[in-house]
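Below is the structure I would like to discuss, written out as structure tokens.
The values are calculated or read from the model by the stated rules, or taken from the named source; none is laboratory data. Everything quoted here is computed from the prediction, not taken from an experiment. Please note: Cβ atoms are built from the backbone with ideal geometry, for glycine as well, and neighbour counts cover all protein chains shown. Please note that ligands, DNA and RNA were not included when accessible areas were found on the heavy atoms of the full protein model with its side chains. Shrake-Rupley method; radii C 1.70, N 1.55, O 1.52, S 1.80 Å.
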Amino acid sequence: MATESAKAAMQGGANAAAQWQARWQELPANRRFALLAGLAALLAILVLAFLWAGKPVYKVLFTNLSERDGGLVIAQLQKLNVPYRITDGGAVIAVPGDAVYTTRMKLAAAGLPKGAGVGFELLEHEPLGTSQFVEQVNYQRALEGSLERTIQSLSAVESAKVHVAIPKPSVFLSEQEKPTASVLLQLYPGRVLSPAQVAGIVHLVAASVPALDDKSVTVVDQHGDLLTGNANAENSGLQPTQLAYQRQIERQYQRRIEEILAPLVGQNGVRVAVSADLDFAKTESSSVQYGKGQVLSQQTRSSNGSGGAGPYGVPGALSNQPPGVAVAPLTAPVASTLSPGDLMALGPTLKLLAPTQSSNDQTTNYDLDKTITHTVQPVGVVKRLSVAVLVNDRSMAGATGKVTTQPLSAAQLAQVQQLVEDAIGYNQQRGDTVKVVNMPFTAEAAPSTIAWWRQGWFLTLMDGVLRYGVLLILGLLLYFGVIRPMLRRRREQAPAVGAEGETKAAGGAGQPAPRTEPAVVRAAEHHEPIVLPGNPLETDLYVARQLVMQDAARAAQVVKEWLANDRERGA
């Protein structure tokens, strides 16, 4: 029983193999080749995926390292036994993805990468007993390294080197010297720094060093070209923001003049040039003024006294002086013998002889007026304006329609000048000047006199249209003259797709196959021309033979179906 089951299984496997082989034989040659190529590609992809899965995935560890830092990092990786790869011409160092962060921490512990220069981390581990000279040198090295790192963060700068000269401080003001700095830039190929970027680097360095002036910073590129000299020559001592502000002020005055004169002489009939002298100096002033004042309070004190003067002065030998000579009245009688009337008569004389004392004090307090003024002059004040206006002759249409030009009269020029002065806020005290000139423009200077097909905008438009139009015409000629006929010829020569399948389907259904389809299929498979017989019967026989040769099993099945149909009809 088991033997029969094994035989049945073997027979079933053989039948399945025969069916797969028969199906494989039924496929056209091109489809067989496509299946084989697909299986080969799938097998190759599986092998590559298996090999790729077995290899570690490398990720970027560091990029854009200097040669010195790159060599130190590679040496440390070799000590740590970490596999690495160098790509992009040495600019990228990659390690296995699962070891990226641990490797970075280990390298950071070893102080790698060091970068372009040391920074303020140099001062973190100052040993005890370091002299002042060494501290100053380390500080200067840290400052220079920090500036180098900051400048290298710019997109156009590949590397930078900064040198700062800091003089020794002096107690004498006349002997004090200011620091200076120089910057050497290594730019990327094809990159150029604009004057504004150079000024930004200068300000960055000057603001990082105490008492360093912008004019004391020198910037040089890798070719030895002085960049700060070019920036100063172009800006004429002005900073980029100040120069932009000056040009903005000049354009504003120019637009004002053109807008006010355009209705009189036309938009293209006036040319204006404005030169503004601005004061960018920051000025501060303080003043104190006192007025006449008024009386706030007044105190007066007076005292009078008469009688003999007592002792005075400091007690001692110096103040112990003998009394003066007594003066006796010659006519004065003895007091005891004078009557009251006589005493009254002698009263004035006695008063004159008696000593007297008097004093007067007066204190007056005034409240004074006090005015304190602190003035800060605004930056960018217009010091002087110089305006030059060139006006074209006025165009006038005559009775015949002919356009003629006529110069402006003296009164009209005076009115134009007055309009310009009012538009700019003319101030004679600050030295403003306005010059108005009336002269005829040439044909090139007056776009309104040029025909529209000769103007610049039309020529530019036609240049672009012709350029792209020629390309479009060439593309159309190439498509309709070369590509389209080739595609049409290829479609005409291509064999009919699926002709063999349709023929076999028609034979399986018991229907006679078309006469031309088998011939076309065989011709497509063997690339040989087939000549069909002229007799229809012979043609059918030839087609039947070809079908039997291609698939004998299916042909036998068709014959069986024919015989079964005949039996059913006979029954």
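What figure in square angstrom, to the nearest 10, would you give for the accessible area of F120 with a 1.4 Å probe?
Accessible area of F120: about 90 Å².
A further question on this structure: Of the peptides 35-46, 383-394, how do they stack up when ordered by the mean number of other Cβ atoms within 10 Å, highest first? Walk me through the intermediate numbers first.
Working: 35-46: 10.2, 383-394: 18.3.
Those peptides, ordered most packed to least, come out 383-394, 35-46.
If we count every other residue with Cβ under 9 angstrom of P407's Cβ, Lys/Arg +1 and Asp/Glu -1, where does the sum land?
Summing Lys/Arg as +1 and Asp/Glu as -1 gives 0.
With N set to the number of residues, divide the alpha-carbon radius of gyration of region 119-208 by 2.2 N^0.38 Å and report two decimals.
Expressed relative to 2.2 N^0.38 Å, the Cα Rg reads 1.31.
Ordering D221, D279 by accessible area with a probe of 1.4 Å, largest first, what comes out?
Numbers: D221 15, D279 55 Å².
The residues order as D279, D221, largest area first.
Could I ask something else about it? Quick one: which of K282/K435; K215/K282; K59/K106; K79/K161 span more than 27 angstrom between C-alpha atoms? Numbers along the way, then the final one.
Working: K282/K435 31 Å; K215/K282 18 Å; K59/K106 17 Å; K79/K161 31 Å.
From the list (K282/K435; K215/K282; K59/K106; K79/K161), the Cα-Cα distance tops 27 Å for K282/K435; K79/K161.
Among 420-426, 410-416, how do they line up from the highest to the lowest mean number of other beta-carbon atoms within 10 Å? Walk me through the numbers before you get to the answer.
Numbers: 420-426: 16.4, 410-416: 13.7.
Result, highest mean first: 420-426, 410-416.
Which of the peptides 94-107, 473-486 is most tightly packed, and how do the rest follow, judged by the mean count of other Cβ atoms within 10 Å per residue? Walk me through the numbers on the way to the answer.
Numbers: 94-107: 15.5, 473-486: 10.4.
Ranking the peptides 94-107, 473-486 by packing returns 94-107, 473-486.
Would you please give the FRET efficiency between T371 and Q242, computed as 1/(1 + (r/R0)^6) with r the Cβ-Cβ distance and R0 = 30 Å, to the nearest 0.05?
On the way: r = 34 Å, r/R0 = 1.14.
Using R0 = 30 Å, I get an efficiency of 0.30.
Also, quick follow-up: Modelling each spin label as a point 7 Å along the Cα-to-Cβ direction, I'd like the D279/L184 distance in nm, to one decimal.
4.5
Per-residue accessible area for T218 at 1.4 Å probe radius, Å² rounded to 10?
50
What is the sum of charges around A99, taking Lys and Arg as +1, Asp and Glu as -1, for the other residues whose C-beta is under 13 Å from the C-beta of A99?
Details: positive: K59, R85, R104, K106; negative: D98.
Residues close to A99 contribute a combined charge of +3.
What figure in square angstrom, to the nearest 10, would you give for the accessible area of E259 with a 1.4 Å probe?
Per-residue accessible area (E259): approximately 130 Å².
May I pose another question? Which value in Å is the Kirkwood Rh of region 62-191 over different Cα pairs?
It works out to 17.6 Å.
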